[in-house]
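First the structure, in the form of structure tokens, and then the observations on it.
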Amino acid sequence: SLKLGGVCFFKGTNNILLELNKTYSSIAKTPLIYSIDGEWGLAMRLTDAFSYPRQLTLGASNNDSLIYEMGKNIALQSKAMGIHINFAPDVDINLNPKNPVIGNRSFGEDKERVARLGWNYLKGMEDNGVYGSVKHFPGHGDTETDSHLALPTINHTKAFIDSVDSYPFRYAIDRGARMVMIGHLNIPCLISDPKLPSSLSKEVITDYLKKYLGFKGIVITD
């Protein structure tokens, strides 16, 4: 066994993260993969890190180069902390104003803008040495349930998911996205078992993401 593994940091300060990074690295026989969930920068998790605007505000700018520069700077800050992966950007489309968990984490309600800005964020990071992950496949934008607490239902048809929900993911995949995060969602039009979340579904991951959309990269569960 290669004893492969990693750590995802969810809270703390810059100094604590650096100390933990050193401690874990000194114990591990195989170099660890360090990650963070920092959509608006490391400040999403670290109390003394720099915070960028939320994606809804960035979406209003509709400025590709600005979003690329943000991705670049987040990557440089992540690398300084020894972080290899940032689980961002969120490319869900803001379709439901009652959504309790996406909202200002989305670039907006226009699929083209969400796709384009999401890709520039991702490319800004990956051009500067940090992997990103588009999420939450196949789209968490039209829910009224928090998937951290329960299983939201997506009542869209497959045709709607194909043309709208999954559009930003397809856009990124076609341009070389390396990592896709699967959302915890109940999607009747794609999954035959009503109790099975998309994050555990062969129909969503193998049949839809890998075969139908042609994704050949790394699949992450939310």
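Kirkwood radius for the chain, taken over all pairs of different Cα atoms as the inverse mean of 1/r, rounds to 17.7 Å. Sorted largest first, the spans of the alpha carbon positions of the range 62-119 along the three principal axes are 37, 25, 12 Å. Here the peptides 151-161, 62-72 are ranked by packing, the mean other Cβ count within 10 Å, and the order with the highest first is 62-72, 151-161. Among 22-30, 90-98, sorting by the average number of other beta carbon atoms lying within 10 angstrom of each residue, highest first, gives 90-98, 22-30. With the simple model of a label 7 Å out from the Cα in the direction of the Cβ, Arg175 to Ser61 spans 1.6 nm. The residue among Asn186, Gly217, Leu4 whose Cα reaches farthest toward the positive pole of the charge dipole of the chain, with charges on the beta-carbon of Lys, Arg, Asp and Glu, is Leu4. Here the range 99-222 has an Rg and Dmax of 13.6, 41 Å, counting Cα atoms alone. Distance from the alpha carbon centroid of the range 89-142 to that of the range 14-44 works out to 24 angstrom.
Modelled this way, with points 7 Å down the Cα-to-C-beta line, the labels at Ile16 and Ala28 are 2.0 nm from one another.
Computed from the C-beta positions of His84 and Lys210, the FRET efficiency with R₀ = 25 Å rounds to 0.60. Extension gain, Asn128-Thr153: 0.36 nm per intervening residue step, less the Cα-Cα distance, totals 5.3 nm.
With an 8 Å Cα cut-off and a minimum separation of 6 or more residues, compute the relative contact order for the chain in percent.
Numbers: 459 pairs, mean separation 35.7, N = 222.
Relative contact order, the chain: 16 percent.
Sorted largest first by accessible area at a 1.4 angstrom probe radius, with every protein chain in place, the residues His140, His84, His184, His148 fall in the order His148, His84, His184, His140.
Please get the size of the charge dipole for the chain, origin at its Cα centre, with Cβ charges of +1 on Lys and Arg and -1 on Asp and Glu, quoted in debye to the nearest 20. Present the calculation step by step, with values, prior to reporting the outcome.
Numbers: 24 positive and 23 negative charges, 140 e Å.
Charge dipole, the chain, about its Cα centre: 680 debye, nearest 20.
Report note on the peptides 37-43, 190-196, 49-55: ranked by the mean count of other C-beta atoms within 10 Å, highest first, their order is 37-43, 49-55, 190-196. Simple spin-label estimate for Leu4 and Glu69 gives 3.8 nm between the two label positions (7 Å along the Cα-to-Cβ direction from each Cα).
The values are calculated or read from the model by the stated rules, or taken from the named source; none is laboratory data. Predicted, not measured: the structure shown is a model, and the values here were computed from it. Using ideal geometry, Cβ is built from the backbone for each residue, glycine included, and neighbour counts are taken over all protein chains shown. The accessibility values were calculated without ligands, DNA or RNA, using every heavy atom of the protein model including side chains. Shrake-Rupley method; radii C 1.70, N 1.55, O 1.52, S 1.80 Å.
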